[in-house]
Amino acid sequence: MNVYDFDNTIYKGDCTVDFWKHCIKKYPKTLFAFPSAAILGMLFKLNLCKREQFKQQFYAFLKYVPDVQQEVQLFWNSHIKKIKNFYKEQKCSNDLIISASPEFLIARACKILGVQYIASKVNITTGVLESANCRGEEKVKRFQEQYPNETIEKFYSDSMSDIFMAKKAKQAFLVRGDVIREWRI
């Protein structure tokens, strides 16, 4: 099994931020959630609040989107083209995407790609996190819970926080834009 991070690894950019921008264009009221998210974002950068607190406040914009599932579908209709070519060329049906991005957003992209996924569980109505943020060591924990007997042949990521997953793989790669290099641990 090959395992991939999503944002900035096989997707050009951050799909959560792109989805937020998509929603702002259609539902300007989503901006009501921005001031408090910006404050928590600054507090997070100063190490005065946890990443989960910031993310949950950021996801509060979902309260202003009448039909999140419909918007997710419309979003991926126009954004699936941001999947990087290297991934399109080597994609296999038994690939796994593992991401800190919300499951409701990743699920649709993975359905289109025909692959499995593990992601952060976020309530689409309230924006409340319903699981630990799927990042760092949490990725390994979630992978092992869901795939206890699987071996990771190759792992791809853009983030050093994924070192724990990289250590579990036979071979790991760092992705920087369109440059892919072996990740020696």
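The values are calculated or read from the model by the stated rules, or taken from the named source; none is laboratory data. From a predicted model like this one, the values you see are computed outputs, not experimental measurements. Backbone-built Cβ (ideal geometry, glycine too); neighbour counts: all protein chains shown. Accessible surface areas use protein heavy atoms only, side chains included; no ligands, DNA or RNA. Shrake-Rupley method; radii C 1.70, N 1.55, O 1.52, S 1.80 Å.
Annotations
- The one condition in (1) within 16 Å of the chain's Cα centre (by Cα); (2) crowded, with 17+ Cβ neighbours inside 10 Å that Glu137 fails to fulfil: (2)
- Exclusive hit being among the small types (Gly, Ala, Ser) and open to solvent by less than 40 Å² (accessible area, probe 1.4 Å), set Ser93, Ser99: Ser99
- Some residue of segment 41-48 being touching a residue at least 24 places away in the same chain (Cβ under 8 Å) and surrounded by 13 or more Cβ atoms within 10 Å (Cβ to Cβ): no
- Any chance Thr30 is out of contact with any Ser or Thr (no Cβ under 9 Å at 6 or more places or on another chain) and open to solvent by less than 10 Å² (accessible area, probe 1.4 Å): yes
- Exactly one residue out of Glu153, Glu130 is out of contact with any helix residue (DSSP H, G or I) (no Cβ under 8 Å at 6 or more places or on another chain), open to solvent by 20 Å² or more (accessible area, probe 1.4 Å) and free of Cβ contacts under 8 Å to residues at least 12 places away in the same chain: that is Glu130.
- Within segment 64-83, the only residue that satisfies the criterion of being touching a residue at least 40 places away in the same chain (Cβ under 8 Å), over 19 Å from Asn8 (Cα atoms) and not in a helix (DSSP H, G or I) is Val65.
- One residue alone among Phe54, Phe61, Phe34 is assigned to a helix (DSSP H, G or I) and out of contact with any Phe, Trp or Tyr (no Cβ under 7 Å at 6 or more places or on another chain), and that residue is Phe34.
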